[in-house]
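Novice: I have a structure I would like to understand better, so I am pasting it below and will then ask my questions one at a time.
Every number here is computed from the coordinates shown, using simple stated rules; none is lab data. Model, not experiment: these values are computed from the prediction. So basically every Cβ, Gly included, is an ideal-geometry build from the backbone, and we count neighbours across all protein chains shown.
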Amino acid sequence: MILIAPRRLCTILTVGLLAATLVAPGPAMAAPRTDSVPACMMHPLPLPAGASLAWDAMLVDPAGRFIVGTGRRATDQGQESLLLRWDGPRVTVLTRSPGLLVAVNRHGVLVGDSSTSTGNRPWRYRDGRVEWLPLPPNGIGGYVTAVNSRGDIVGYGGYLEEPVTLLWPVDRPDTVEVLEPGGIPVAVLDDGTIVGEVPAEEDRSSRDAGARAAAGRGVAPPPVAWVRRPDGRIDRLTAPGAVKSTVRAARGNWAVGLVADTADGQYWRMVRWDLRTGVATPVRPGLIAMTGVNAAGSLLSDSMVDHLDRRVPLRSVVSDPVTRVIAEAIADNGLVVGRAAGLQVSFPVRWSGC
């Protein structure tokens, strides 16, 4: 699974995060190979008759089989939101969408959450139907962020004035667990490892999970990225000289994120963490975003796939009315999915051979 935190997690990052990655002082590193590397090719994906693509992100499962997204279709009652799934070249309308689509696993299980009059409700789509997940005790709602191949789901909720890490275990239906260290998870791996972060106090105060900053606590601690092992052990994800860290995505033995050298400084260093050792390796300069990572450690960034030893550009055709392409998720086999967009148009695309 990828996923990615993915989209909603972006709102808790400081304003300078993306711009700061353009400057990367430090030891000189060899430039990644781009010579003789063929660009991966973009292919459009079909839409159901009468449907258009919604603006939620496109997703792909880790195996690269299922591509999913949200569509819209006009009805007599107005716009109807749809869950869409592409299995190879075929597109299927699964059902009406119950809310925001967040992640998909290799078995085609979809998870997301929905805003209701009583708070945010997490949901799961499997076996042809939508199931509502239980809410945390004393919570103000629940948000999902990832699902693994087994079907374990992680997310967060408003609890004791702060976001807490939540787990919906697949082998204990109708239960939700509150886990340490607290904060927002971005990934749950197939062995049960969870990767996430405890956001800074100012980030918590802006969360839509109902968490709010508590006044009078003095200087807020900086955000910290972490990994929770299957045995419950928790390790910090950091880098030499780093004071704060944030994680954007994780898959297999890899996580990617950013670090900063001061508590109030910008995130200017992109890093890959080897989750087996916790060692951080700087990502070569030149990327402007971190969208996802796959099990091989290949980082998806804007219009580029950054492999460990080379970079592959995402080839696209941009012409009126399409003004830009947006890559949003990467599978373990190198398949990339996203959208081509313009002022009044958006349609799904995939890139192969990446």
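Novice: Do you know the relative contact order of region 78-187, to the nearest whole percent, from alpha carbon pairs under 8 angstrom that are 6+ apart?
Specialist: Values: 249 pairs, mean separation 18.1, N = 110.
Relative contact order of region 78-187: 16 percent.
Novice: Provide the FRET efficiency to the nearest 0.05 for the GLN79-HIS43 pair, computing r from the beta carbons and using R0 = 22 Å.
Specialist: Values: r = 27 Å, r/R0 = 1.24.
Once the sixth-power term is evaluated, E becomes 0.20.
Novice: Now for a different question. Report ³J(HN,Hα) in whole Hz for each residue of region 226-242, in order, from the Karplus equation J = 6.51 cos²θ - 1.76 cosθ + 1.60 where θ = phi - 60°; Gly and Pro get x.
Specialist: So the Karplus estimates, Gly and Pro as x, are 9, 10, 9, 6, x, 8, x, 5, 10, 10, 7, 9, 9, 8, x, x, 7 Hz.
Novice: How far is it, in nm, from the label point at ASN333 to the one at HIS107 when both lie 7 Å from their Cα along the line to the Cβ?
Specialist: About 2.0 nm, to one decimal.
Novice: Kindly state, to the nearest 0.05, the FRET efficiency for ARG150 paired with GLN344, given R0 = 41 Å and r defined as their beta-carbon distance. Could you put the intermediate results ahead of the total?
Specialist: On the way: r = 41 Å, r/R0 = 1.01.
Calculated transfer efficiency: 0.50.
Novice: Oh, and also: Between ASP302 and THR92, what is 0.36 nm times their sequence separation minus the Cα-Cα distance? Round to one decimal in nm. Please report the intermediate quantities before stating the final value.
Specialist: Working: separation 210, 0.36 × 210 = 75.60 nm, distance 2.75 nm.
Contour length minus Cα-Cα distance gives 72.8 nm.
Novice: Could you give the alpha-carbon Rg of region 62-140 over 2.2 N^0.38 Å, rounded to two decimals?
Specialist: Details: Rg = 13.7 Å, N = 79, 2.2 N^0.38 = 11.6 Å.
Here the answer is 1.19, to two decimals.
Novice: Same structure again: Along the Cα-to-C-beta direction of GLU177, a point sits 7 Å from the Cα; which residues of region 109-149 have their amide N less than 20 Å from that point?
Specialist: Label zone hits: 122-124, 133-139, 142-149.
Novice: Could you give the nm distance between label points at ASP231 and THR262, where each point is 7 Å from its Cα heading toward the beta carbon?
Specialist: Taking the two extended label points, one gets 4.0 nm.
Novice: Could I ask something else about it? Can you list residues whose amide H is under 5 Å from MET41's amide H, if they're 5+ apart or on another chain and H is modeled 1.01 Å from N?
Specialist: Amide H neighbours of MET41: SER352.
Novice: Sort TRP86, TRP132 so that the residue with the fewest other Cβ atoms within 10 Å of its own Cβ comes first and the one with the most comes last. Please report the intermediate quantities before stating the final value.
Specialist: Values: TRP86 21, TRP132 14.
Placing the least packed residue first, the sequence is TRP132, TRP86.
Novice: Which whole-Hz ³J(HN,Hα) couplings does region 331-340 yield from phi under the Karplus relation 6.51 cos²θ - 1.76 cosθ + 1.60, θ = phi - 60°, glycine and proline marked x?
Specialist: With coefficients 6.51, -1.76 and 1.60, one gets 9, 5, 8, x, 5, 10, 10, x, 8, 9 Hz.
Novice: Here's another thing I want to ask about it. Suppose R0 equals 51 Å. What FRET efficiency, 1/(1 + (r/R0)^6) with r the Cβ-Cβ distance, do ASP191 and ARG324 give to the nearest 0.05? Intermediate values should be presented prior to the final figure.
Specialist: On the way: r = 38 Å, r/R0 = 0.74.
Computed FRET efficiency for ASP191 and ARG324 comes out at 0.85.
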